[in-house]
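The values are calculated or read from the model by the stated rules, or taken from the named source; none is laboratory data. Just so we're clear, the structure is a prediction, and the values are computed from it rather than from any experiment. Note that we place each Cβ from the backbone using ideal geometry, even for glycine, and neighbour counts take in every protein chain shown. Only protein heavy atoms, including side chains, enter the accessible area calculation; ligands, DNA and RNA are left aside. Shrake-Rupley method; radii C 1.70, N 1.55, O 1.52, S 1.80 Å.
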Amino acid sequence: DIASKILLYSRELTVEHVTEIVGGKEERNKLIYDQFLEKQDFTDCDLEKCLRRTMQTFRLAGVESQVVLRVMEGFSFKFHEHDTKKTFVDRDEAYEMAYLIIVLQTTMHNPNIKKKLRPVDFIMQAKSCCPKGYDLLPENYVNDLYANV
């Protein structure tokens, strides 16, 4: 628990150090990240807002894809656990949608990516990410995600 507090409040750690710690593959790293996530605010049960708050703490750009996967998996599983609205039918669909938000963020705001994700393509990807629960999502949920990103 001390390690997670250091991650949250230390002025000594750089964003890159935090990413290295939370994205590590050792069991110790997973425990630290889990404790760190327990200190995050999931009360509004809004995937996008929770993801933005959590991602303000570290940087995913330029890290190995396995690190991104571990970070996103830990975040989305914890989000699903705390989501009292039960926005997604299971934690895997929460993970898929959180990852899709990261993909959208990257494609829309990285100047090196010339082909931007169109709304219709984002909706189709969201449907494939959430095959069990897409029709259960709140009205305009996916459109609002796209517009906000």
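Just a few scattered comments:
- Hits among lysines - C-alpha to C-alpha of residue 132 under 18 Å, sequence gap 8 or more where chains match: 85, 86
- Dipole moment magnitude, nearest 20 debye, the chain about Cα centre, only Lys, Arg, Asp, Glu C-beta charged: 460
- Estimated [θ] at 222 nm from DSSP helical runs (n ≥ 4, -39500 (n - 2.57)) normalised by residues in the chain, nearest 500: -19000 deg cm²/dmol
- Applying the Karplus relation 6.51 cos²θ - 1.76 cosθ + 1.60 with θ = phi - 60° to the range 62-69 yields 3J(HN,Hα) values of x, 8, 4, 4, 5, 5, 4, 4 Hz, where x marks Gly and Pro.
- Compactness of the range 33-82, expressed as Rg and Dmax over alpha-carbon positions, Å: 10.5, 30
- Listed residues 102, 113, 21, most fluctuating in the chain (Gaussian network, C-alpha, under 10 Å): 113
- Given the chain, longest segment not containing exposed loop GluC sites (Glu not before Pro) (DSSP; at most 13 other Cβ within 10 Å): 65-138
- 3J(HN,Hα) couplings calculated from phi for the range 89-97 with the Karplus curve 6.51 cos²θ - 1.76 cosθ + 1.60 (θ = phi - 60°) are, in sequence order, 5, 8, 5, 5, 5, 4, 4, 4, 6 Hz; Gly and Pro show x.
- Listed residues 29, 99, 122: farthest to the positive end of the dipole of the chain (Cβ charges): 122
- Share of pairwise Cα separations in the chain, more than 19 Å, in percent: 53
- Among 116, 127, the order of accessible area from largest down is 127, 116, computed with a 1.4 Å probe on protein heavy atoms.
- What the Cα atoms of the range 68-122 give is an Rg and a Dmax of 12.9, 38 Å.
- Potential lengthening of the chain between residue 84 and residue 26 amounts to 17.9 nm, from the contour at 0.36 nm per residue minus the alpha-carbon distance.
- Stretch gain in nm, segment residue 121-residue 140, where the contour uses 0.36 nm per residue and the Cα spacing is subtracted: 5.3 nm
- Full extension of the chain segment joining residue 113 with residue 52 gains 19.8 nm, where the gain is 0.36 nm per residue of separation less the Cα-Cα distance.
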